[in-house]
Amino acid sequence: MRMTRTVRCGSASVIAILLASASLSAQTKIALRQNSFKPSQDVQLGRQAAAEVRQQLPMLNDGPTEALVEKIGRRLVASVPGRFAQPAFRYSFDVVNLREINAFALPGGPMFLHRGMLQAARTDDEVAGVMAHELSHVVLRHGTLQAAKAQKFQLGALAGQIIGSIVGGTKGAVIAQGSQIGLGTYFLKYSREYEREADLLGAQIMARAGYEPRQMANMFRTIQQQGGNSGPEFLSDHPDPGNRYDAIIREAKSLKIAGAANTGPAFDSVHSRLARMPPAPTSQQVASTRQR
Ligand SMILES: [Zn+2]
């Protein structure tokens with residue numbers, strides 16, 4: 001009699017354990033792909049391009065804003081699952097004083113957020129959503145994967161082309177002299193397959209960092225709604241992999257948010273600070289000033 005009870009009790013806890021692990025493993029497994037570049041090459045390419053970005057684009061250089069973005073960024077980097085950690089990578093987080101709702105990250109770690117993105121966001125979780133998505137492209141090394149897949153090229157020639165695709169974009173506002181929209185495009189315009197991975201890993205990183213992953217989906221919706229007539233550049237670089245909103249929400253259901261990030265008050269104060277500044281110029285305005 002006693003023995004039966006013990007067995008029953010034992011199987012109940014086995015079932016409990018199985019249920020617990022089933023709900024944990026429901027999050028999507030994402031794998032690193034074979035990349036013919038070395039991680040140090042990601043770093044080298046990204047560093048060169050970032051130096052050029054800082055020279056060519058109007059940087060905001062506002063202490064409290066930089067501090068907020070840095071704080072969110074560091075928190076997210078610290079929450080990247082161990083199997084994706086890239087010890088060679090050097091992360092940096094800068095704010096560009098441009099009005100468009102945009103953001104981009106370069107191989108090896110440098111990330112740039114447009115002021116327009118910070119002003120369009122309603123919460124720190126929404127900012128973290130865009131940053132976690134960008135960070136996922138970096139740690140999954142999507143930029144160099146796409147470049148390697150595309151064609152053979154000279155490493156040295158590549159960095160110069162990145163800036164062309166950033167500041168030139170698809171809207172023809174070419175700022176960088178002599179740059180072409182070429183291979184650099186592969187660093188910034190991602191395939192739908194890579195988008196799906198960045199959405200899902202981004203959601204996972206957010207939850208680990210104490211952010212609400214559903215707010216990444218909300219931010220993408222905001223970007224879509226505020227894109228204007230020509231469509232937002234962000235979504236042309238980061239195309240919808242299909243059912244984006246629902247897929248992120250579904251992933252979020254499998255995730256447990258670890259603690260609270262507590263960057264909300266700093267976000268609120270930066271948000272009103274930015275609103276009090278003179279409006280950020282558009283890329284077009286910056287481009288026409290440079291061409292004179
Ligand atoms: Zn993306």
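Listing for the model above:
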read-out	value
Interchain or long-range residues, amide H under 5 Å from Phe93's placed H	Met111
Reach of Lys29 by Cα under 12 Å, taken over aspartates and glutamates that are not fewer than 8 positions away in the same chain	Glu197, Glu251
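Every number here is computed from the coordinates shown, using simple stated rules; none is lab data. In this text the structure is predicted, and so the values were computed from the model without any measurement.
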